[in-house]
Amino acid sequence: MGGLPAVVALVVTLVFSASALHHPKGGEEIGFRALPPHTVLLAVLACAALVVRSRRPCTVLALTVFLALVEWSLTVAWLPVEQRNNAMAIVVVVALFSVAAGNDRLAARRAVALALPVLLAGALLLGPRPWYAAENFAVLAWGLVAVAAGEAVRSRRAVLGAIRERAERAERTREEEARRRVAEERLRIARELHDVVAHTIALITVQAGVASHLMDSRPDRAREALAHVREAGRRALTELSETVEVLRQPDEPSAPTRPAAGSADLDELIEDFARTGMRVSVERPRPGPPLPAAVDLAVHRVVREALTNVHKHAGPTARATVRLSRSGTPGEPRLTIEVLDEGPPGPGGETAGVPGADAVPRVSGTGGHGLTGMRERAAALGGTCATGPRPGGGFRVLVDLPLRPPPAGGGG
């Protein structure tokens, strides 16, 4: 690409170098002169330097100015005054444009500020006579035009570069946002896995303990407990499979075949705990509009976490009450989830006789994040979660959630 402008500049320079103004009998007409050898040689050298103008613009500018001054000086001694011209300024103008269009704006302006006065002085001293001829000042005019054009090109490049940089930055931001969302989704899935596994493992542990204790004295009860262990394990594997399916790639055909457990599955959940000896009663509100999907899932998760805590801290034969109630205004409906227990059971219970047993912080699961998970789940839905011991003994979990209208076409 750098060779073509150099060739064009050489052809134009030689054509204008062969032109001359004659003044026969006081008139003016364009004539031609013989090309001196030094003009051809210096024009070829100057245009050859233009090939590397994009890599070394200031060096090329200094060289072309020097060669132009040499050509003008030799022409003064070679040709008569009426055959002089400033054709070599064409090469300098191309070099000036390259310098002005360069990326280093300050260096380009310094180079132009030094080159233009030298070029103008050479034209006035060595160019056509008289010194104030229009051809001499045209050298300065064309030089300024080249500088202005180069500045315009440099500014356009800068604008395009800024636009490209903003686009790349926006693309990086989108990628970072996508990665952040993926990380958040993985964290949510990890919490779901904890919710699925924690209470099932607790039930399996209790049933396995019962089976071990009754294996010799009551083999029929032991077999029943082992059957419950098998059923709980099968159900846990199914729920795990459905949750992990979310991690599959979009083009993979396999997907969950049933939704996550919600408030409709509370009876099955209560039955699981009842099999361990717990006595759980449920108080439900009158039928109303369907719950939003996120709230419906939260109901099941909160009740499960709370009952797991009751089983763990108050013993497998404790009594618990689950209350679901609607409140608020038609414009801002709310759902309250309350789980109460009566504390450690009497003699024979796991925690009987242990002072302050019910004051132990209620946590569930292998990692001890039951209450924390409930608070985070409630906060994510814009609700609140309050937990603590009851004045008369036992423990209370109270979760209050807003009921936002479900999305169009969605179910509760």
*For A162 and A134, what is the calculated FRET efficiency with R₀ set at 56 Å and r taken between the beta-carbons, to the nearest 0.05?*
0.85
*Please list the non-local residues whose amide H lies under 5 Å from the amide H of L381, H modeled 1.01 Å from N, same-chain partners needing a gap of 5 or more.*
none
_Can you sort S327, S54 by solvent-accessible area, 1.4 Å probe, largest first?_
S54, S327
*Sorted by accessible area with a 1.4 angstrom probe, largest first, how do C47, C385, C58 fall?*
C58, C385, C47
*So what are the ³J(HN,Hα) numbers for the stretch 104-117, from phi and the Karplus equation (6.51, -1.76, 1.60; θ = phi - 60°), rounded to whole Hz, Gly and Pro as x?*
7, 5, 5, 5, 5, 5, 5, 5, 5, 5, 7, 6, 4, x
_What distance in nm lies between label points placed 7 Å from Cα along the C-beta direction at V7 and S155?_
3.4
*Using mean Cβ contacts within 10 Å as the protection proxy, how do 282-288, 205-211, 376-382 order, highest first?*
205-211, 376-382, 282-288
*Distance in nm between pseudo-label sites at E268 and A113 (7 Å out along the Cβ direction from Cα)*: 8.3
*How would D341, D296 line up by accessible area, probe 1.4 Å, largest first?*
D296, D341
*Evaluate the charge dipole of the stretch 104-157 about its Cα centre and quote only its size in Debye, nearest 20, assuming +1 on the Cβ of each Lys and Arg and -1 on the Cβ of each Asp and Glu.*
260
_Against the 2.2 N^0.38 Å scaling, with N counting residues, where does the stretch 123-166 land? I'd like the Cα-based Rg ratio to two decimal places._
1.87
*Working out 0.36 nm times the residue gap between L106 and E184, then minus their Cα-Cα distance, what length gain in nm do you get to one decimal?*
23.2 nm
*Projected label distance in nm at S325 and R390, using a 7 Å step from Cα toward the beta-carbon*: 1.4
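The values are calculated or read from the model by the stated rules, or taken from the named source; none is laboratory data. This one's a predicted model, so the numbers in the text were calculated from it and none came from an experiment. Please note: Cβ atoms are built from the backbone with ideal geometry, for glycine as well, and neighbour counts cover all protein chains shown. In case anyone asks, the SASA skips ligands and DNA or RNA and just uses the protein heavy atoms, side chains included. Shrake-Rupley method; radii C 1.70, N 1.55, O 1.52, S 1.80 Å.
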